[in-house]
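Notes follow once the structure below has been shown.
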Amino acid sequence: MSAQRIFIVEDDLKIAAMLAETLRKYHYEVETAKDFDKILEEAEAFEPHLILLDINLPSYDGYYWCRQLRLTTTCPILFISARSGEMDQIFALENGGDDFITKPFHYEIVLAKIRSHLRRAFGEYALKQEERSVKAGRLTLYMERMELHVKNDVIPLQKKEATILGLLLSHYPKVISREQLLEELWDDQAFVDENTLNVNMTRVRKKLADYEVLSVIETVRGAGYRLLIDEGEL
């Protein structure tokens, strides 16, 4: 089994390095944030099983980044912060966090919380659900695995990519409106920038192109989107 991946977002380089060193001793694969203006991009590239996130960060705080990360991942997010007020912990949880660890901390406690959340999300305590799949032509999407199978190829997906493709496949060959996509992708559309859907759709198209999938997503002006399956993949 491959090592579980942990992404550390901490601008105190000493703390980040010590956390990374400790976690690697316990055989976790670890990455630390390099560019604090590109947290989302770095997280998506690394595809972590768990994120450790500080609150006080350059440019935008941890609450902001937690909301952005929640657009693409459901993995556990644990806040680590020198702030210890009740409101800080409430804000952390209400903005998408799963737990709050106050600095200074004992590394044994951090490790115990990481193990607990990973077991709950991916291990022995994870809810066992019947696997869902959506199929059209020779394209089959496995939602829990977040994998698109095209003939004999397996394409790994991010959460939002899987959701978009699932909706397109389930509506095939019909058009799905932008409003329907927004409603399914985000619980509260009031906080979604109108370009966010365009950005996510571009990522899905790029992923299909990168894996040489011949089927394409068509933009239907004034209506929405639909999946056009290539005859070689029907």
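The values are calculated or read from the model by the stated rules, or taken from the named source; none is laboratory data. Since the model is a prediction, treat every value here as computed from it, not as a measurement. Cβ sites come from the backbone with ideal geometry, for glycine too, and all protein chains shown count toward neighbours. For the accessible areas, the whole protein counts, side chains as well, though only heavy atoms, and no ligand, DNA or RNA atoms are used. Shrake-Rupley method; radii C 1.70, N 1.55, O 1.52, S 1.80 Å.
Would you please give the FRET efficiency between residue 182 and residue 11, computed as 1/(1 + (r/R0)^6) with r the Cβ-Cβ distance and R0 = 35 Å, to the nearest 0.05? Spell out each step's value before the answer.
Details: r = 33 Å, r/R0 = 0.95.
FRET efficiency, residue 182 to residue 11: 0.60.
Using only side-chain charges placed at the Cβ, +1 for Lys and Arg and -1 for Asp and Glu, the dipole size of the stretch 18-97 relative to its Cα centre rounds to 160 debye.
In the stretch 1-126, taking the dipole from charged Cβ atoms about the Cα centre, the farthest positive-side position among 7, 93, 107 is held by 107. From the coordinates of this entry, semi-axes √(5λ) of the Cα gyration tensor in Å is computed, and it appears in [x] 54, 18, 11; [y] 35, 20, 15; [z] 45, 22, 13 under the label [y].
Could you sort out which of 113/207; 135/174; 135/207; 103/160; 174/207 sit more than 26 Å apart by Cα distance in this structure?
Numbers: 113/207 34 Å; 135/174 14 Å; 135/207 18 Å; 103/160 33 Å; 174/207 22 Å.
Checking Cα-Cα distances, 113/207; 103/160 exceed 26 Å.
Centre-to-centre, using Cα atoms only, the stretch 89-110 and the stretch 145-183 are separated by 33 Å.
Can you give the Kirkwood hydrodynamic radius of the stretch 14-102 from its Cα pairs, in Å with one decimal? Display every interim value, and only then the final one.
On the way: mean 1/r = 0.0747 Å⁻¹.
Final number for the Kirkwood radius of the stretch 14-102 is 13.4 Å.
Relative to the longest principal axis of the C-alpha atoms of the chain, give the angle of the C-alpha long axis of helix 196-210, reported between 0 and 90° and rounded to the nearest 10°. That helix lies at roughly 70 degrees to the long axis.
With a simple spin-label model that places each label point 7 Å from the Cα along the Cα-to-Cβ direction, the separation between residue 103 and residue 40 comes to 2.5 nm. Counting charges near residue 218 (Lys, Arg +1; Asp, Glu -1) among other residues having Cβ under 13 Å from its Cβ returns a value of +3.
Model label sites at residue 221 and residue 47, defined 7 Å from Cα along the beta-carbon direction, differ in position by 3.7 nm.
Would you work out if the stretch 76-157 is rounded, prolate or oblate? Take a ≥ b ≥ c from the square roots of the eigenvalues of the alpha-carbon gyration tensor; rounded if a/c is under 1.5, else prolate when a/b is larger than b/c, oblate otherwise.
Working: a/c = 3.34, a/b = 2.60, b/c = 1.28.
Prolate.
Take every pair of alpha-carbon atoms less than 8 Å apart whose residues are at least six positions apart; their mean separation over the length of the chain yields a relative contact order of 12 percent.
In debye to the nearest 20, how big a dipole does the chain give about its Cα centre with +1 on each Lys and Arg Cβ and -1 on each Asp and Glu Cβ? Write down the numbers at each step before the final one.
Values: 30 positive and 40 negative charges, 108 e Å.
About 520 debye.
Placing unit charges on the Cβ atoms of the charged side chains and taking the dipole of the chain about its Cα centre, the candidate lying farthest along the positive direction among 73, 18, 150 is 150. In this structure, residue 211 and residue 74 have a Cβ-Cβ separation that, at R0 = 25 Å, corresponds to a calculated FRET efficiency of about 0.60.
Quick check: at a probe of 1.4 Å, how many percent of the accessible area of the stretch 39-171 sits on carbon and sulfur atoms?
Details: 3300 of 6660 Å².
Percent of accessible area from carbon and sulfur atoms in the stretch 39-171: 50.
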